[in-house]
Amino acid sequence: MKKILITLVFLGFACAEYSDFYRNATLFLQVLGNFRYEITPQGLKALINSGSKSFIIIDLRSEAAYRRGHIEGAINIPYRKLFSPEYINRLPGDKKIIVYCPDESISPYVIALLRGAGFDAWQLKGGYRSWSGAVVKKSFEIKKEIKAKKEKVIPQPPPPEPEEEEEGC
């Protein structure tokens with residue numbers, strides 16, 4: 001009985017702390033106003049293709065979702081673990097931090113807290129669904145279009161041998 005009571009008290013504190021996390025993040029977002037720190041999927045793709053080392057990408061989804069598919073170069077830190085000392089102390093203060101979740105439901109809160117802690121944090125607009133819909137689908141369509149445009153090469157007979165010319169002409 002004592003173990004159950006201790007467990008219930010612990011869960012109560014954990015839930016209260018968890019709700020404070022969102023309440024504080026929501027207040028911070030309200031203070032920020034309409035300015036949103038976000039990058040579009042196309043902008044992120046261009047940043048990745050540029051080869052710049054001035055940013056890191058953090059996938060806030062579960063490990064299982066990360067294994068099913070993720071943005072190239074992204075590291076997986078589920079949002080519930082991100083603010084633990086083990087992870088938050090390893091984040092680089094001199095780089096842009098781009099975070100994404102499945103559908104932009106969690107990332108605004110995470111960037112608010114990261115910005116409050118002094119990090120240059122940005123979210124992927126629309127989350128991973130937007131990325132997979134805009135970037136992955138677009139590149140698939142381009143590849144499909146290229147395949148459709150390829151024409152069959154029909155072998156041609158070799159050109160006729162040139163006639164010998166007289167010298168001195």
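The values are calculated or read from the model by the stated rules, or taken from the named source; none is laboratory data. Just so you know, these numbers come straight off a predicted model, no measurement behind them. Counting neighbours? That spans all protein chains shown, and the Cβs are built from the backbone with ideal geometry, glycine included.
Any idea which residue in the range 42-80 is surrounded by the fewest Cβ atoms within 10 Å (Cβ to Cβ), counting only those that are of a type outside the set (Phe, Trp, Tyr) and closer than 16 Å to residue 108 by Cα? Reasoning before the result, please.
Narrowing the range 42-80 to residues of a type outside the set (Phe, Trp, Tyr): 42-54, 56-65, 67-78, 80.
Among the residues that remain, those that are also closer than 16 Å to residue 108 by Cα are: 57-61, 77-78, 80.
On the way: 57: 20, 58: 23, 59: 23, 60: 27, 61: 22, 77: 23, 78: 17, 80: 12.
Filtering the range 42-80 for residues that are of a type outside the set (Phe, Trp, Tyr) and closer than 16 Å to residue 108 by Cα, the one surrounded by the fewest Cβ atoms within 10 Å (Cβ to Cβ) comes out as 80.
Restricting to the range 78-103, what's the tally of residues that are in a loop (DSSP other than H, G, I, E, B) and closer than 12 Å to residue 61 by Cβ? Lay out the reasoning, then the answer.
Kept after step one, since they are in a loop (DSSP other than H, G, I, E, B), are these residues of the range 78-103: 78, 83-84, 89-95, 101-103.
Subset that is closer than 12 Å to residue 61 by Cβ: 78, 101-103.
Residues that pass the stated criteria total 4.
If you check 91, 11, 27, which single one turns out to be farther than 22 Å from residue 131 by Cβ and at pLDDT 55 or above?
The unique qualifying residue is 27.
So residue 113 ticks every box in (1) touching a residue at least 60 places away in the same chain (Cβ under 8 Å); (2) within 13 Å of the chain's Cα centre (by Cα); (3) part of a helix (DSSP H, G or I) but one. Which box is left unticked?
The one condition residue 113 does not meet is (2).
For residue 141, work out the one condition from (1) over 25 Å from residue 50 (Cα atoms); (2) modelled with pLDDT under 90; (3) charged (D, E, K, R) it doesn't fulfil.
So residue 141 meets the others, but not (1).
Looking only at the range 48-70, count how many residues are among the aliphatic types (A, V, I, L, M) and without any contact (Cβ under 8 Å) to a residue 12 or more places away in the chain.
1
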